[in-house]
Amino acid sequence: MPPSDRELIQGFLEGSAECLTRIDIWIGEVLRHPGLRLGNDVEDVAQQVRRKLLTSLRDGRFQGTASLRTYVWRVAQHAAIDLL
């Protein structure tokens, strides 16, 4: 059974490799979309997304009205738009 959003958040904040990998996959799904054409900037934007997520999750800004995956996608989309 996959971890719950709450477990993923806790694991992400604690540096759990499993949770970090799952969230990195979600970030990559957005940033590697061919329509964005981020090229060599993908890793830099991904790092910005991780930083933004760390800050917002620590501060309790994730409300849980959508899934954590949706939240991660939106943060990644906004970071990509900011770059472009």
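The values are calculated or read from the model by the stated rules, or taken from the named source; none is laboratory data. The structure displayed is predicted, hence computed values, not measured ones. Here the Cβ positions follow ideal geometry from the backbone for every residue, glycine too, while neighbour counts run over all protein chains shown. Note: areas computed on protein heavy atoms with side chains; ligands, DNA, RNA excluded. Shrake-Rupley method; radii C 1.70, N 1.55, O 1.52, S 1.80 Å.
Quick one: in the stretch 24-70, of everything that is among the acidic types (Asp, Glu) and in a helix (DSSP H, G or I), which residue is nearest to Glu14 (Cα to Cα)?
Pass one, the stretch 24-70, residues among the acidic types (Asp, Glu): 24, 29, 41, 43-44, 59.
With the extra rule that they be in a helix (DSSP H, G or I), the set shrinks to 24, 29, 41, 43-44.
Values: Asp24: 15, Glu29: 23, Asp41: 27, Glu43: 22, Asp44: 22 Å.
Residue satisfying both the conditions and the ranking: Asp24.
Residue by residue through the stretch 1-42, note down the ones that are within 14 Å of Ala80 (Cβ to Cβ) and out of contact with any Leu (no Cβ under 9 Å at 6 or more places or on another chain). Spell out how you get there, then give the answer.
Step one: filter the stretch 1-42 for residues within 14 Å of Ala80 (Cβ to Cβ), giving 26-42.
Correct list: Gly28, Glu29, His33, Pro34, Gly35, Gly39, Asn40.
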**Asked** Got at least one residue in the stretch 66-84 being buried (at least 18 other Cβ atoms within 10 Å of the Cβ), within 11 Å of the chain's Cα centre (by Cα) and over 23 Å from Pro2 (Cα atoms)?
**Response** yes
**Close pairs from the stretch 3-17: first within 16 Å of Thr55 (Cα to Cα), partner loosely packed, with under 10 Cβ neighbours inside 10 Å and modelled with pLDDT of 95 or more, Cβ under 9 Å, at least 6 apart** = Gly11/Ala17
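Select from the stretch 12-27 the residues that are of a type outside the set (A, V, I, L, M, F, W, C) and closer than 23 Å to Gln77 by Cβ and write down the one among them that is least open to solvent (accessible area, probe 1.4 Å). Full working, then the answer.
Taking the stretch 12-27 as the starting set, the residues that turn out to be of a type outside the set (A, V, I, L, M, F, W, C) are 14-16, 18, 21-22, 24.
Within this subset, residues satisfying the condition of being closer than 23 Å to Gln77 by Cβ are 21-22, 24.
Values: Thr21: 76, Arg22: 78, Asp24: 59 Å².
Taking the candidates together, the pick is Asp24.
Would you be able to tell me the number of residues in the stretch 18-31 that are closer than 24 Å to Asp44 by Cβ, in contact (Cβ under 8 Å) with a residue 12 or more places away in the chain and either in contact with an Asp or Glu (Cβ under 7 Å, 6 or more places away or on another chain) or not basic (Lys, Arg) (or both)? Write out each step before concluding.
Pass one, the stretch 18-31, residues closer than 24 Å to Asp44 by Cβ: 19-31.
Then keep just the ones that are in contact (Cβ under 8 Å) with a residue 12 or more places away in the chain; that gives 19, 22-24, 26-31.
Right, trim to either in contact with an Asp or Glu (Cβ under 7 Å, 6 or more places away or on another chain) or not basic (Lys, Arg) (or both) and you get 19, 23-24, 26-31.
Looking only at that region, the number is 9.
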**Request:** Kindly list the number of the only condition in (1) modelled with pLDDT of 95 or more; (2) exposed (fewer than 13 other Cβ atoms within 10 Å of the Cβ); (3) more than 15 Å from Arg51 (Cα to Cα) that fails for Asn40.
**Result:** (1)
